[in-house]
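Visitor: Okay, here's the structure, questions in a sec.
What follows is calculated from the coordinates using simple rules that are stated; it is not laboratory data. The structure presented is a predicted model; accordingly, all values stated were derived computationally and were not measured. Cβ atoms come from the backbone with ideal geometry, glycine included; neighbour counts cover every protein chain shown.
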Amino acid sequence: MSDDGERSTPGKGLVQGLAVTLKTMTQRTTTQQYPDVEPELPPRSRGVIALLEENCTVCMLCARECPDWCIYIDSHKEEVVVPGAARSRQRNVLDRFDIDFSLCMYCGICIEVCPFDALHWTPEFEYAETDVLDLLHSKDRLGDWMRTVPPPPAHDVLGEPSKEEATAARKAAGPGAATAAKTARPAARRPAAAAPPAKAAGEEPAKAAGDEQAKPGSGEAERER
Amino acid sequence: MPIWLDLIVRVVAVVAAFLVLPLVVGQAEHKVMAHMQGRLGPMYAGAFHGWAQLVADGVKFVQKEDVAPGEADRRVFRLAPIVALFPYLLVLLAIPLGPNGLVAQGLDVGLFFVLAVLGVGVLAVLMSAWASANKYSLLGGLRGAAQLLGYELPLVLAAASVAMAAGTLSLPGIVEAWRPWWLLWQAPAAIVFFVAGLAEIRRPPFDMPIADSELVFGYMTEYTGLRFAFFLLAEYVGIIVIAALTTVLFLGGWHGPFADQLGWLWTLVKIFAVSFVIIWLRVSFPRLREDQLQRLCWLVLVPLALAQLVLTAAVRVLT
């Protein structure tokens with residue numbers, strides 16, 4: 001009331017306050033009618049983790065990388081007799097794959113490290129339970145979530161080609177042909193980057209070799225090279 | 001019409017208004033406040049935009065246990081909500097709705113009666129505060145007493161100005177004498193009356209007696225269930241009463257196009273418009289500090305009301 005010496009006109013702030021509330025009243029509300037109306041989640045929302053069991057090789061990378069150790073995996077080996085082969089092969093069979101969502105902190109490291117895309121983010125988030133023990137999702141329940149995995153986002157036209165595409169292109173061109181980095185996006189490459197392709201070509205095998213170490217028992221594609 | 005039937009019709013009409021209008025204002029407050037804050041407000045009760053929210057609230061309050069603190073002065077404690085609510089019911093009796101005697105009880109000293117009965121409110125505040133045996137209640141009640149006694153003065157002075165201008169204390173008489181240019185001439189008195197009225201019904205930004213962030217809930221802290229609902233109802237009837245008095249005294253009551261047929265509608269429209277402003281002020285402004293409250297009353301409103309009184313007297317004597 002008293003110490004408004006530097007204020008221009010008395011009561012200006014009061015009128016401004018009234019104007020703000022009146023303007024807000026005429027605008028659309030921001031309330032989301034959640035249980036009635038599904039929220040529009042941004043792409044790549046992290047709701048729950050889905051498991052594509054066929055892709056899992058029981059490499060245990062996810063369980064080992066998990067910061068709070070909330071992935072539990074059991075498996076056994078099975079003999080697979082291949083007709084015509086000299087000896088039978090062995091295959092890992094998944095017995096148990098549980099994720100305890102009461103521990104999970106949704107860091108997504110398991111999904112990042114999975115070499116075979118067996119784990120996926122899905123935007124589903126409505127799996128609250130009244131009993132904390134029910135938050136331990138079993139293999140089947142994690143498999144159920146696969147139905148809700150959204151299709152992957154379209155490839156960035158200006159981005160680097162995916163490794164699969166590059167490999168396929170290289171294979172199609174035959175041995176000794178130009179590498180992926182030289183051919184895949186001539187249009188998008190900067191003129192000054194004339195030298196880098198050689199370096200990129202050098203990097204490619206190294207990266208592939210690194211991947212190969214990460215996937216024991218896999219890598220038919222890479223081995224051909 | 002026999003006199004007893006006439007009486008019953010009038011009383012029933014007033015009680016109906018007493019029960020319905022506050023609910024309308026309360027629902028409007030829910031919705032207006034929500035939209036002013038970018039929300040939707042109640043949406044579920046009654047299926048259509050939560051129209052039955054206050055009915056549901058009422059049912060909830062009825063179901064709750066009526067608790068009185070062990071140390072409380074029980075009789076006074078139980079009586080206080082009624083004392084808070086009842087004066088407003090009496091005030092509604094004297095408020096004219098339309099021309100040609102459309103008023104429950106036209107009193108020659110209507111203005112005097114209304115202001116006197118409104119003053120009873122402070123008693124309810126003190127009763128509930130003292131009987132609750134709770135320090136927060138007591139603090140809130142004393143704040144309320146200081147506020148209500150202080151703001152009674154500008155309220156009465158502003159009302160006296162318009163009564164002097166009209167030359168009558170009868171509320172229908174004042175509306176009858178009202179002319180549109182009074183809007184300008186009596187504007188300071190109207191503002192003083194409205195602000196003092198806000199303080200009288202302890203609405204934000206003048207809700208220091210309740211001040212939930214400082215005093216829990218002031219003199220209402222210990223109340224539960226139906227008695228608490230009575231206090232809330234008193235607050236919303238208070239809005240109606242202050243809006244109606246502002247309308248009748250300063251905004252020309254039933255004056256408007258087709259006043260003879262639609263006078264009651266004009267009165268109601270004006271009452272709801274003023275109620276909207278009361279809600280609007282609540283949403284927009286933060287609570288005043290206790291010393292600011294008293295400063296505003298004694299250093300701004302009382303001098304303004306006195307100046308208006310001098311102006312009104314001068315104009316009355318000269319014309």
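Visitor: Which whole-Hz couplings ³J(HN,Hα) result when phi for each residue of segment A:19-27 is put into the Karplus expression 6.51 cos²θ - 1.76 cosθ + 1.60, θ = phi - 60°, listed in order with x for Gly and Pro?
Guide: 5, 4, 5, 5, 5, 4, 5, 7, 8
Visitor: Less than 18 Å apart at the alpha-carbon level, and either on another chain or at least 8 residues along: which aspartates and glutamates does that give for A:Lys163?
Guide: A:Glu112, A:Asp117, A:Glu203, A:Glu204, A:Asp211, A:Glu212, A:Glu220, A:Glu222, A:Glu224
Visitor: Could I have the simple spin-label model distance between B:Ala45 and B:Glu71, label points 7 Å from Cα toward Cβ, reported in nm to one decimal?
Guide: In this crude spin-label approximation the distance works out to 3.4 nm.
Visitor: Taking R0 as 30 Å, what FRET efficiency do you get between A:Arg141 and A:Lys23 from their Cβ-Cβ distance, rounded to the nearest 0.05?
Guide: The pair A:Arg141/A:Lys23 has a calculated efficiency of 0.05.
Visitor: Right, here's the next one. B:Arg295 to B:Val269: FRET efficiency via 1/(1 + (r/R0)^6), r the Cβ-Cβ distance, R0 41 Å, to the nearest 0.05?
Guide: Rounded to the nearest 0.05, the efficiency is 0.75.
Visitor: Of B:Leu281, B:Leu311, B:Trp182, which is farthest towards the positive pole of segment B:3-318's charge dipole, taken about the Cα centre with +1 and -1 on the beta-carbons of Lys, Arg and Asp, Glu respectively?
Guide: B:Leu281
Visitor: Can you compute the FRET efficiency between A:Arg44 and B:Thr319 using 1/(1 + (r/R0)^6), with r the Cβ-Cβ distance and R0 = 60 Å? Round to the nearest 0.05.
Guide: Working: r = 78 Å, r/R0 = 1.29.
The computed FRET efficiency comes out at 0.20.
Visitor: Once Rh is set to the Kirkwood radius over Cα pairs, what Stokes-Einstein translational diffusion coefficient, in µm²/s, holds for the protein assembly as shown at a temperature of 20 °C and a viscosity of 1.002 mPa s?
Guide: The calculation lands on 71 µm²/s.
Visitor: Which one, B:Leu79, A:Gly47, B:Ala17, is farthest towards the positive end of the dipole of the protein assembly as shown when Lys and Arg carry +1 and Asp and Glu -1 on their Cβ?
Guide: Among B:Leu79, A:Gly47, B:Ala17, the one farthest towards the positive end of the dipole of the protein assembly as shown is B:Ala17.
Visitor: Hey, another quick one. Lys/Arg Cβ at +1, Asp/Glu Cβ at -1, dipole of chain B taken about the Cα centre: which of B:Val117, B:Gln37, B:Gly218 is farthest positive-ward?
Guide: B:Gln37
Visitor: Could you list the square roots of 5 times each eigenvalue of the Cα gyration tensor of segment B:1-132, that is, the equivalent ellipsoid semi-axes, sorted largest first and rounded to whole Å?
Guide: Each semi-axis is the square root of five times an eigenvalue, giving 29, 26, 15 Å.
Visitor: Additional query: To the nearest µm²/s, what D does Stokes-Einstein give for segment A:60-112 at 20 °C and 1.002 mPa s, using the Kirkwood radius over alpha carbon pairs as Rh?
Guide: On the way: Rh = 13.0 Å.
It diffuses with D of about 164 µm²/s by this estimate.
Visitor: Separate question: Need one value for B:268-281: mean number of C-beta atoms belonging to other chains within 10 Å of its residues' C-beta atoms.
Guide: 1
Visitor: Measure out, as a whole number of angstrom, how far apart the alpha-carbon centroids of segment B:66-120 and segment A:34-73 sit.
Guide: 64 Å
Visitor: Placing unit charges on C-beta atoms (Lys and Arg positive, Asp and Glu negative, everything else neutral), compute the dipole magnitude of segment B:109-209 about its Cα centre in debye, rounded to 20.
Guide: 200 debye
Visitor: May I ask you to evaluate 6.51 cos²θ - 1.76 cosθ + 1.60, the Karplus curve with θ = phi - 60°, for each residue of segment B:158-175 and list the ³J(HN,Hα) values in order in whole Hz, giving x for glycine and proline?
Guide: 5, 5, 4, 4, 6, 5, 5, 5, 7, x, 8, 9, 6, 5, x, x, 5, 5
Visitor: With Kirkwood's inverse mean 1/r over C-alpha pairs for Rh, give me the Rg to Rh ratio of segment A:86-184, two decimals please.
Guide: Rg/Rh for segment A:86-184 comes to 1.12.
Visitor: Which of the residue pairs A:Lys139/A:Lys171; A:Lys77/A:Lys139; B:Lys60/B:Lys270; A:Lys23/B:Lys64; B:Lys135/B:Lys270 have a Cα-Cα distance greater than 29 Å in the structure shown?
Guide: A:Lys139/A:Lys171; B:Lys60/B:Lys270; A:Lys23/B:Lys64; B:Lys135/B:Lys270
Visitor: Compute the Kirkwood hydrodynamic radius of segment A:1-87, taking the inverse of the mean of 1/r over all pairs of distinct Cα atoms, and give it in Å to one decimal.
Guide: 21.4 Å
Visitor: Mind checking the dipole of segment B:130-281: about its Cα centre, +1 per Lys or Arg Cβ, -1 per Asp or Glu Cβ, Debye to the nearest 20?
Guide: It comes to approximately 40 debye.
Visitor: If amide hydrogens are placed 1.01 Å from N in the peptide plane, which non-local residues have theirs closer than 5 Å to the one on B:Leu288?
Guide: Here B:Asp207 satisfy the definition.
Visitor: Run lengths n ≥ 4 of DSSP H only: what is the helix-derived mean residue ellipticity at 222 nm for chain B, with -39500 (n - 2.57) per run over all residues, to the nearest 500?
Guide: Dividing the helical sum by the residues of chain B leaves -23000 deg cm²/dmol.
Visitor: May I ask you to derive the relative contact order of chain B, considering only C-alpha pairs under 8 Å and at least 6 residues apart, and to give it as an integer percent?
Guide: Value for chain B: 24 percent.
Visitor: Hey, if you drop one equal point scatterer on each alpha-carbon of segment B:195-312 and run the Debye formula without solvent, what base-10 log of I(q)/I(0) do you get at q = 0.10, 0.13, 0.24 Å⁻¹?
Guide: Treating every Cα as an identical point scatterer, log10 I(q)/I(0) equals -0.40, -0.65, -1.32.
Visitor: Under Stokes-Einstein, with the Kirkwood radius over Cα pairs standing in for Rh, what whole-number D in µm²/s applies to chain B at 10 °C and 1.306 mPa s?
Guide: For these conditions, the coefficient is 78 µm²/s.
Visitor: Mind checking the dipole of segment B:3-318: about its Cα centre, +1 per Lys or Arg Cβ, -1 per Asp or Glu Cβ, Debye to the nearest 20?
Guide: Magnitude of the dipole: close to 300 debye.
Visitor: Provide B:Tyr88, A:Tyr72 in ascending order of the number of other Cβ atoms located within 10 Å of each residue's Cβ, fewest first.
Guide: Ranked by crowding around the Cβ, least crowded first: A:Tyr72, B:Tyr88.
Visitor: Follow-up. Cut-off 10 angstrom, C-alpha nodes, Gaussian network model of chain B. Which of B:Glu71, B:Glu152, B:Glu214 fluctuates the most?
Guide: B:Glu71
Visitor: Evaluate 2.2 N^0.38 Å with N set to the residue count of segment B:27-87, then give the Cα radius of gyration divided by it. Working shown, then result.
Guide: Numbers: Rg = 16.5 Å, N = 61, 2.2 N^0.38 = 10.5 Å.
This ratio for segment B:27-87 stands at 1.57.
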